[in-house]
1. Would you mind computing Rg(Cα) / (2.2 N^0.38 Å) for the chain, counting N as its residues?
2. Report, as a whole number in µm² per second, the diffusion coefficient that Stokes-Einstein gives for segment 26-98 at 20 °C and 1.002 mPa s using the Kirkwood radius over alpha carbon pairs.
3. Between segment 84-115 and segment 26-66, what is the C-alpha centre distance in whole Å?
4. Give the peptides 88-101, 4-17, 117-130 in descending order of average Cβ contacts within 10 Å, highest first.
5. Just the C-alpha atoms of segment 85-135: what Rg/Rh do they give, with Rh taken as the Kirkwood radius?
6. Measuring with a 1.4 Å probe in the full set of protein chains, what accessible area per residue, in whole Å², belongs to segment 65-127?
7. Taking only DSSP H segments of four or more residues, each worth -39500 (n - 2.57), what value at 222 nm results for the chain once the sum is divided by all its residues, to the nearest 500 deg cm²/dmol?
Amino acid sequence: MEYSMGVFRWIHFMSGVMWIGLLYYFNFVQVAALKNAAADGTAAGITKHVAPRALLFFRWSAVVTWLAGAALLGPRFVPAFTLQAETALIGIGAWLGTIMLFNVWALIWPNQKKILGMTPASDEQKNKARRVAFLASRTNTMLSIPMLFFMGAGVHGF
């Protein structure tokens, strides 16, 4: 059992690095780069080749991170999610991660499909989708800071 927890810890850690790394890439690099690329007409490479692949790894690394984290909680899963005293800190981190996972799959991904032309959408729908995806992504960026804090504090204390 000890080895499997070690495996789940590394899976959780590595997929979390990918998830949060891509989140930060989207928010701090790609958004600005797309604005500049659209201005000079070179955005097609990013929107056709880079963004869909990055979004694939982004959304699935979110799922793997959450599942590995749930496995690590094991019998403490329910106490953590009900914020019982001994697991409240890790539980807050787990709830923040759960909200972020929801944002990825329910808000960011469906709207990115419209933006990238994977799902038919009018220009008006694409503009609305850009705003929703942008706000959900920025929300996840802001939630990632306390989420990482509570995950660390829940395991290692303050």
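The values are calculated or read from the model by the stated rules, or taken from the named source; none is laboratory data. Please read these numbers as outputs of a predicted model, since none were measured by experiment. Neighbour counts run over all protein chains shown; Cβ positions are idealised from the backbone, glycine included. We work out accessible area using only protein heavy atoms, side chains counted, and drop any ligands, DNA or RNA first. Shrake-Rupley method; radii C 1.70, N 1.55, O 1.52, S 1.80 Å.
1. Values: Rg = 17.4 Å, N = 158, 2.2 N^0.38 = 15.1 Å.
That ratio works out to 1.16.
2. Numbers: Rh = 14.7 Å.
Result for D is 146 µm²/s.
3. Taking the Cα centre of each part, segment 84-115 and segment 26-66 sit 20 Å apart.
4. Working: 88-101: 20.0, 4-17: 14.9, 117-130: 12.9.
So the order, starting with the most tightly packed, is 88-101, 4-17, 117-130.
5. Working: Rg = 15.2 Å, Rh = 12.2 Å.
Using Cα coordinates only, the ratio equals 1.25.
6. I get 52 Å² per residue for this part.
7. Details: 7 runs with 117 residues, N = 158.
Mean residue ellipticity, 222 nm, calculated: -25000 deg cm²/dmol.
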